[in-house]
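Let me begin by presenting the structure, written as structure tokens, before commenting on it.
Bear in mind that the values in this text are calculations on the coordinates, not laboratory data. Note that the structure is a prediction, hence the values are computed from the model and not measured. A quick note on method: Cβ atoms are made from the backbone with ideal geometry, for glycine too, and the neighbour counts reach across all protein chains shown.
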Ligand SMILES: Nc1ncnc2c1ncn2[C@@H]1O[C@H](COP(=O)(O)OP(=O)(O)OP(=O)(O)O)[C@@H](O)[C@H]1O
Ligand SMILES: [Mg+2]
């Protein structure tokens with residue numbers, strides 16, 4: 001998939017890095033993301049998997065322009081949007097690229113009723129659409145996410161987390177976005193609501209051709225949903241490829257460890273070594289040392305692995 005030039009894809013990130021600096025005298029550096037590259041394609045779900053602090057949200061926020069990268073580029077429909085500054089350009093970008101976050105409560109203005117929030121989408125992004133068409137489109141989007149129109153008359157605090165997440169998806173549908181960044185979208189939902197939201201995502205993806213970046217801790221969900229999988233560890237993409245390929249033939253020691261720590265799934269993989277999660281740092285260092293100079297390389301078609309670390313700085 002990385003054979004395509006970023007100029008040709010829907011949304012591509014290339015060597016994206018974000019270093020956070022803190023402290024005034026001794027500036028501490030935290031690697032949020034380092035040298036991350038991948039493509040989002042229309043009608044495809046790509047999962048971004050990794051432990052807490054591995055940099056998943058950082059990547060999502062970089063794409064959503066909530067953070068500015070330290071290095072690297074983001075291309076949307078062939079255009080380099082890394083340094084979008086004007087309000088007009090940003091608005092155009094946000095009319096096509098939207099995010100749904102873990103905490104849906106913070107995504108809505110709690111003082112406004114839901115219908116007002118939806119009307120504002122038209123005011124901001126599609127002022128040319130007339131009132132009655134606005135109403136039709138809002139009702140259609142609400143129906144598509146399996147919610148009932150009475151929710152429009154409520155305030156965000158009167159709704160459940162699952163209903164709010166569905167409303168966020170409805171917002172993306174209304175805008176007819178090309179790219180949806182879904183960060184831990186369903187982690188706060190109960191099991192039955194989860195399946196509903198997941199299947200909704202699959203439908204949207206297939207029917208509308210939306211590209212979805214699905215950020216999760218959950219390997220089983222990734223397998224269920226995605227065509228392509230990205231594994232992140234310490235801000236780096238350590239493995240990238242077709243989901244089946246990665247799940248059936250994980251190569252990076254972190255990916256192997258991840259799969260082996262999932263109860264009920266490990267039987268599917270041969271264990272050639274026993275990993276103790278606490279030792280994973282050491283094992284990864286050794287792996288990099290043993291493959292010096294190999295960098296991020298292809299192990300089979302559409303399956304890449306980070307064999308040795310690119311230097312920071
Ligand atoms: N605004 C910030 N300032 C400083 N450091 C940050 C900031 N945001 C994130 N970080 C650091 O960057 C690293 C990656 O954080 P990030 O939130 O991307 O992880 P994550 O993979 O989304 O984790 P989780 O699964 O817990 O949500 C962490 O070490 C985090 O502490
Ligand atoms: Mg996160």
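Normalised by 2.2 N^0.38 Å, with N the number of residues, the alpha-carbon radius of gyration of the chain equals 1.04. Relative contact order for the chain: 21 percent, from Cα pairs under 8 Å spaced at least 6 residues apart, divided by residue count. So how tilted is helix 161-175 from the main axis of the chain? Cα-based, degrees 0 to 90, rounded to 10. Approximately 80 degrees, to the nearest ten.
Work out, step by step, the length gained on full extension between residue 113 and residue 155: first 0.36 nm times the residue separation, then minus their alpha carbon distance; give nm to one decimal.
Answer, rounded to one decimal: 14.7 nm.
This ranking places 125, 214 by how few other beta-carbon atoms lie within 10 Å of each, fewest first, which gives 125, 214.
Calculate for the chain the 222 nm mean residue ellipticity that helices alone would give, adding -39,500 (n - 2.57) per DSSP H run of length 4 or more and normalising by residue count, nearest 500 deg cm²/dmol. For the chain, the value works out to -10500 deg cm²/dmol.
What order do you get for 236, 194 when you list them from fewest to most C-beta neighbours inside 10 Å?
Lowest to highest Cβ neighbour count: 194, 236.
Evaluated on segment 165-234, the Kirkwood hydrodynamic radius is 12.6 Å, with distances taken between all distinct Cα atoms. Estimated from the Cβ-Cβ distance and a Förster radius of 30 angstrom, the FRET efficiency linking residue 217 and residue 285 is about 0.80. With R₀ set to 22 Å, the beta-carbon distance separating residue 207 from residue 136 gives a calculated FRET efficiency near 0.75. Among 182, 211, 302, the residue with the largest mean-square fluctuation in a Gaussian network model of the chain, with springs joining Cα atoms closer than 10 Å, is 302.
Here the residues 115, 178, 289, 39, ranked from fewest to most Cβ neighbours within 10 Å of their Cβ, fall in the order 289, 115, 178, 39. Computed extension length for residue 249-residue 83: 56.0 nm, one decimal, from 0.36 nm per residue of separation with the Cα-Cα distance subtracted.
Averaging 1/r over every pair of different alpha carbons in segment 128-200 and inverting the result gives a Kirkwood radius of 13.1 Å.
Using the Cα atoms as the points, what is the convex hull volume per residue of segment 1-157 in Å³?
170
Building the convex hull from the alpha-carbon atoms of segment 13-57 and averaging its projection over directions returns 4.0 nm².
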